[in-house]
1. Treating the beta-carbon of each Lys and Arg as +1 and of each Asp and Glu as -1, no other charges, what is the dipole magnitude of the range 8-128 about its Cα centre, to the nearest 20 debye?
2. P(r) for the chain, please, calculated from all Cα pair distances in 10 Å bins and given in %.
3. Can you list the residues, at least 5 places off or on another chain, whose amide H is less than 5 Å from the amide H of Leu6, using H built in the peptide plane?
4. At 7 Å along Cα-to-Cβ for each site, give me the label-to-label distance between Asp83 and Ala2 in nm.
5. Long-range amide H contacts for Leu90: which residues qualify at under 5 Å (H placed 1.01 Å from N, peptide plane, sequence gap of 5 or more or a different chain)?
6. What are the extents of the Cα atoms of the range 61-128 along their three principal axes, listed from largest to smallest and rounded to whole Å?
7. Calculate, for Ile48 and Ala113, the FRET efficiency according to 1/(1 + (r/R0)^6) with r their C-beta to C-beta distance and R0 25 Å; round to the nearest 0.05.
Amino acid sequence: MANVGLVVVSHSRRLAEGVCELAREMGVHKVRVEAAGGDVDGGLGTSIELVENAVRAADDGAGVVLLADLGSSVLTARTFVEDADTSVLLADAPLVEGAVAAASAAAAGADLAAVVAAAEDAYDQRKT
């Protein structure tokens, strides 16, 4: 059975990779979680090419949810979704909490819409 994949889009490669590491653990390694962080040269920034490569790697046939940190990462993710010819959605969610919630939902077999909803519901989770 295919699971929804996740792509973390961030200005920082290390930030994206760290969020992916945590999300993979919560997804019990049943979910493809890929990083699209930084620019193509490894510096700070965003790259639609890296997003495209990450989506391709994360797509297991059930669709892919993008989670972005801020600013141009969101714009890059939106641009990719608008031009995507596959089932790719951008979640309006907090990056870390959204990725963890999305990975947990995807590992449980949730469909694309339910994984997006789980990520977006993470805004309601209080820390104190």
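1. On the way: 9 positive and 20 negative charges, 79 e Å.
Taking the Cα centre of the range 8-128 as origin, the dipole is about 380 debye.
2. Using 10 Å bins, I get a P(r) of 16, 52, 29, 3, 0 for the chain.
3. HN-HN under 5 Å from Leu6: Arg32, Val33, Glu34, Val65.
4. Distance between the two pseudo-spin positions: 2.3 nm.
5. Excluding prolines and chain starts, which carry no amide H, the hits are Leu66.
6. Taking max minus min along each principal axis of the Cα atoms, the range 61-128 gives 39, 30, 12 Å.
7. Values: r = 24 Å, r/R0 = 0.97.
Step by step, r from the Cβ atoms, then E = 0.55.
Laboratory data are not the source of any read-out in this text; all were calculated from the coordinates shown. Everything numeric here is computed off the predicted structure, so don't read it as measured data. Note: ideal-geometry Cβ built from the backbone for every residue, glycine included; neighbour counts use all protein chains shown.
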